[in-house]
1. Between ALA302 and TRP434, what is the FRET efficiency for a Förster distance of 30 Å, r being their Cβ-Cβ separation, to the nearest 0.05?
2. Leaving ligands and nucleic acids out of the surface, order ILE354, ILE145 by accessible area at 1.4 Å, largest first.
3. Quick test of the membrane-span-like rule: which DSSP H helices of the chain reach at least 27 Å along their long axis (C-alpha atoms) with mean Kyte hydropathy at least 0.0?
4. Compute, for the chain, the length of the dipole vector about the Cα centre, with Cβ point charges of +1 (Lys, Arg) and -1 (Asp, Glu) only. Units Debye, rounded to 20.
5. At 0.36 nm per residue, and after removing the present C-alpha to C-alpha distance, how many nm does the segment from ARG333 to SER383 gain when stretched out fully?
6. Please compute P(r) over all alpha-carbon pairs of the range 101-143, binned at 5 Å starting from zero, and give each bin as a whole-number percent.
7. Let me have the relative contact order for the chain, percent, based on Cα pairs under 8 Å that are six or more residues apart.
8. Can you give the charge dipole size of the range 180-337 about its Cα centre, rounded to the nearest 20 debye, using +1 on the beta carbon of Lys and Arg and -1 on the beta carbon of Asp and Glu?
Amino acid sequence: MGTHGFDLGDLQDPSRFMQRVADHALALLPGAEGVLVGLRDGDHLRLVCGSGYMTGHVGDSVDLGTSLSGLALRTGRVLRSDDLALDPNASAEVTARLGVRSGVFVPLRRKGVAFGVMTVNSRRPGAFAPADVALLSGLADFLGIAVGLADDLAVVRDNLPSYVLPMALGDEGSATPEQLAVRRFVLNVLYPESAPRLDARSRTQALLDDPGRLSMAFQPVVDIVEGRVMAVEALARFTSEPPRAPDQCFSEAHLAGLGVELELLAVRRALRSVPELPPGVAMTVNVGPETMASAGLAELLALAGPARVVLELTEHTSVLDYACLRSSVQALRAMGARLAVDDTGAGISSLAHILKLAPDFIKLDRGIVSGLDADPARRALASALVNFGADTGARVVAEGAETPDEVAALRRVGVRYVQGYWLGRPGPLADIGWTGEVRAAPAAAAV
């Protein structure tokens, strides 16, 4: 939804905007069972939108000369009828055809001219009170503007150049530079948020169309007690114009609605290297909540051998449905994959992931690790999370360790698995020293 009250879907189909008016009007009055919105068409009211039990009558018409809708339109007053079957101003034919017994009739006016009527109806008599009339009377001007806006949107849509709306939905087609300039002008006026989104979509689509722009770097996760690599994290690197950091590329992809596709491309590229890993070494790949729940991820894991894969839940998008995410995680674990929660300690969401998903690995955010050797508060928090992991069966991994003192301090508080520049920078898989070149923290290092 844009700041101006409509989105690109409303431009494509303005009836969507009018439908929201009808749906919310139905929820507004306790006695309401149906809503109809009609626009004046000569001597008749053409019913263009409905909600509740009245939706089947959209497309019908009502004679303005013999109906309460017509009376409301002529007088400009909000009218209430407690029993349409007995009301002399109501049309018996319309009452029977629409199956209504009571209703409130709101004239829709724009710039002083009545152009339509909204009726809120019930199949039982006496469903509405004077307070309902007062409420809708107070909203009458707004309702006229809102329904009129939907009508105006239809005019706007019909007068747009034919190539603007398809491109608004992400289809660049064979547009010329001049047409692209027109598209940008129209969308910047009508929906300012669309321009950055479309630019992000264009850049992301270029990455998807040319997988050669994506490469993988691998950073070791080291068992600092035994001095061996126990896993490598696969990190995406992009060649893009203009140059952008990986996090920015993924954020743009999600903004453009292509986040899952780009994450799956990175996972696919990373999993190609699983056969090159020594025995006992796992591959960790970053996926967001939407990707975790996608069928595409399960297919990739099935091909790569899920037992050697750790799925690291990242926060490119927020979790909207934990029940769905939990179900997806359970299915992936049943295949043999394991789960890690990233950035623990950086915010509330990571703690919620831990409590609700019971991960196999808890990754301490570098905000906790950085300076831990000199900060008792950081050490206390890291120690508490180690104890929590021990009680729940989760192993703690610290990321972002950049000095030997930080690594030594992590070992002293019970963190066994560490990732960071001092232990190995991201790079080609072939450059990782699997055993002899791995640094281990001194057991007696001071904190």
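The values are calculated or read from the model by the stated rules, or taken from the named source; none is laboratory data. Just so it is clear, the structure is predicted and the values come from calculations on it, not from any experiment. Cβ atoms come from the backbone with ideal geometry, glycine included; neighbour counts cover every protein chain shown. Remember, those area values only see protein heavy atoms, side chains included, never the ligands or the DNA or RNA. Shrake-Rupley method; radii C 1.70, N 1.55, O 1.52, S 1.80 Å.
1. Working: r = 27 Å, r/R0 = 0.89.
Efficiency at R0 = 30 Å is approximately 0.65.
2. Values: ILE354 10, ILE145 115 Å².
Sorted descending by solvent-accessible area, the residues read ILE145, ILE354.
3. Values: long enough: 130-159 (43 Å, 0.95).
Both cut-offs are met by 130-159.
4. Details: 42 positive and 52 negative charges, 98 e Å.
Dipole about the Cα centre, nearest 20: 480 debye.
5. Numbers: separation 50, 0.36 × 50 = 18.00 nm, distance 2.74 nm.
Contour length minus the Cα-Cα distance gives 15.3 nm.
6. 6, 23, 28, 21, 13, 6, 2
7. Details: 800 pairs, mean separation 47.2, N = 447.
Relative contact order, the chain: 11 percent.
8. Numbers: 15 positive and 18 negative charges, 54 e Å.
Charge dipole, the range 180-337, about its Cα centre: 260 debye, nearest 20.
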